[in-house]
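The structure appears below as structure tokens.
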Amino acid sequence: MRLPLWNRFKKEIMSKLKNKVAVITGGNSGIGFGIAEAFKNEGAKGVIVGRNQNTLESAAAQLGENFIAINADVTNVADLERVFRETSEKFGKIDVVVANAGAGAVGTVATFDEAAFDQAIDLNLKSVYFTVQKALPHMNDGGSVILIGSNAAHRAYANFTLYGAAKAAVIYLAKGFSSDLLDRKIRANVITPGTTDTPAFDKFVPAEQMEAVKKHFADQMPIGRIGQPADIGKTAIFLASDDSSFMLGAELLVDGGMTYLAK
Ligand SMILES: NC(=O)c1ccc[n+]([C@@H]2O[C@H](COP(=O)([O-])OP(=O)(O)OC[C@H]3O[C@@H](n4cnc5c(N)ncnc54)[C@H](OP(=O)(O)O)[C@@H]3O)[C@@H](O)[C@H]2O)c1
């Protein structure tokens, strides 16, 4: 007969991220929260970052005592410096940085003006670059950087031109960062989600149409369902852990086949 104590011990010694310190931007919602939960379940501790104090507090409460929330705007470089300084003061040097915060920006080349351009690029590209730059002085050598791309980087969806371009650049950054950081053995890789069930839908879809819209997206997916944040969380554990120690600058599509499989 298996003893519960043995099971607890086994889970503890087999945890892939035991005592690793992680920072997850956008960890208070959707994919970021899915990653934070997955990390917590593998023994990590650390920080989630966002601007909405209510969701920050409820997410941190769900993650438990090993995680704290820091309210910060990732498009503000001084905020990023504060995030990493406070993280290392509380937890010590950082092992894993997930640059996940981002949002779809809707418009075409005919409609997107200069202010909208700057806003979309600030959030989806510039913030990723400076999240990593400001993390570096506080990171352990041998750490892992995980970026979040989008399948919109590979296929031109109506109205997602600039968002797709920013995410294509993010996919490149995983290669560039890995090359830049070879001497510190910090690896950068990128996860490219397909359509994933997150609160991001709330910003674009009226509540009464939500079910029909999600069914429509699921019907488009070769695998027959849209993604869940936990699908991305599992992949992030792999990239954060030593299991992926031979991977630098790689892109992992976690998209139910929607990018490359015809349907
Ligand atoms: N859902 C999808 O289908 C899908 C597909 C491909 C890629 N992605 C990418 O996955 C990532 C997460 O998206 P999601 O679907 O999980 O969206 P979400 O549920 O809306 O979460 C977005 C997160 O980003 C944070 N955030 C946004 N702007 C920020 C800022 N200026 N400063 C700090 N935090 C900020 C938000 O926190 P606050 O609101 O508190 O600031 C929130 O936690 C994004 O990069 C997105 O482009 C999503």
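The values are calculated or read from the model by the stated rules, or taken from the named source; none is laboratory data. Values in this document were obtained by computation on a predicted structure and should not be read as measured data. All Cβ positions, even for glycine, are placed from backbone atoms using ideal geometry, and neighbour counts span all protein chains on display.
Could you check L253 against (1) modelled with pLDDT under 95; (2) assigned to a strand (DSSP E or B) and say which number it fails?
Looking at each condition in turn, L253 falls short on (1).
I need the full set of residues from the range 30-42 which are over 10 Å from the mean Cα position of the chain (by Cα) and touching a residue at least 60 places away in the same chain (Cβ under 8 Å), in order please.
Result: E37, A38, F39, E42.
Specify the residue that is surrounded by the fewest Cβ atoms within 10 Å (Cβ to Cβ); the eligible residues are those in the range 88-115 that are within 15 Å of the ligand (Cβ to nearest atom) and of a type in the set (A, V, I, L, M, F, W, C).
Looking at the filtered set, the residue picked out is A103.
Which one of K203, K215 is within 11 Å of the ligand (Cβ to nearest atom) and assigned to a helix (DSSP H, G or I)? Talk me through it step by step, then tell me what you get.
Working: K215 fails: within 11 Å of the ligand (Cβ to nearest atom).
One residue alone meets the criteria, K203.
Which of (1) within 8 Å of the ligand (Cβ to nearest atom); (2) more than 15 Å from the chain's Cα centre (by Cα) does F67 not meet, given it meets every other one?
The failed condition is (1).
Please go through the range 43-55 and give me each residue that is touching a residue at least 40 places away in the same chain (Cβ under 8 Å), over 23 Å from Y129 (Cβ atoms) and either within 14 Å of the ligand (Cβ to nearest atom) or surrounded by fewer than 20 Cβ atoms within 10 Å (Cβ to Cβ) (or both), ordered by number. Give the steps one after another, and end with the answer.
If we filter the range 43-55 for residues that are touching a residue at least 40 places away in the same chain (Cβ under 8 Å), which is where we start, we get 44-47, 49-50.
Now drop any that are not over 23 Å from Y129 (Cβ atoms), which leaves 44-45.
Result: no residue meets the conditions.
Would you call A188 within 16 Å of the chain's Cα centre (by Cα), closer than 20 Å to I24 by Cα and either part of a helix (DSSP H, G or I) or among the basic types (K, R) (or both)? Explain how you work it out, then say what you get.
Numbers: within 16 Å of the chain's Cα centre (by Cα): yes; closer than 20 Å to I24 by Cα: yes; either part of a helix (DSSP H, G or I) or among the basic types (K, R) (or both): no.
Criteria not met by A188.
Tell me, which residue of the range 175-200 that is within 13 Å of the ligand (Cβ to nearest atom) and surrounded by fewer than 18 Cβ atoms within 10 Å (Cβ to Cβ) is nearest to I148 (Cα to Cα)? I'd like the intermediate steps shown before the answer.
So the first thing to find is which residues in the range 175-200 are within 13 Å of the ligand (Cβ to nearest atom), and the list is 190-200.
Filter once more, so that each one left must be surrounded by fewer than 18 Cβ atoms within 10 Å (Cβ to Cβ): 199-200.
On the way: P199: 16, A200: 15 Å.
Looking at residues that are within 13 Å of the ligand (Cβ to nearest atom) and surrounded by fewer than 18 Cβ atoms within 10 Å (Cβ to Cβ), I get A200.
Consider D79 carefully, then state whether it is among the charged types (D, E, K, R) and either in contact with a strand residue (DSSP E or B) (Cβ under 6 Å, 6 or more places away or on another chain) or surrounded by 22 or more Cβ atoms within 10 Å (Cβ to Cβ) (or both). Explain how you work it out, then say what you get.
Details: among the charged types (D, E, K, R): yes; either in contact with a strand residue (DSSP E or B) (Cβ under 6 Å, 6 or more places away or on another chain) or surrounded by 22 or more Cβ atoms within 10 Å (Cβ to Cβ) (or both): no.
Against the criterion (among the charged types (D, E, K, R) and either in contact with a strand residue (DSSP E or B) (Cβ under 6 Å, 6 or more places away or on another chain) or surrounded by 22 or more Cβ atoms within 10 Å (Cβ to Cβ) (or both)), D79 does not qualify.
List every residue pair whose Cβ atoms sit under 7 Å apart, with the two residues 6 or more apart in sequence or on different chains, where the first one lies in the range 195-218 and is over 16 Å from F33 (Cβ atoms) and the second, anywhere, is among the basic types (K, R).
As it stands, the answer is A218/R225, since those pairs meet every condition given.
Could you give every pair whose Cβ atoms fall below 9 Å, whose first residue belongs to the range 56-71 and is without any contact (Cβ under 8 Å) to a residue 24 or more places away in the chain and farther than 19 Å from P199 by Cβ, and whose second residue is part of a helix (DSSP H, G or I) and within 11 Å of the ligand (Cβ to nearest atom), counting only separations of at least 6 or pairs across chains?
I70/L56; I70/D79; I70/V83
Taking the options S88, S58, name whichever one is part of a helix (DSSP H, G or I) and within 25 Å of K16 (Cα to Cα). First the steps, then the outcome.
Values: S58 fails: within 25 Å of K16 (Cα to Cα).
Exactly one residue qualifies, and that residue is S88.
Only one of (1) in contact (Cβ under 8 Å) with a residue 40 or more places away in the chain; (2) over 11 Å from the mean Cα position of the chain (by Cα); (3) within 12 Å of the ligand (Cβ to nearest atom) fails for L17. Which number is that?
(3)
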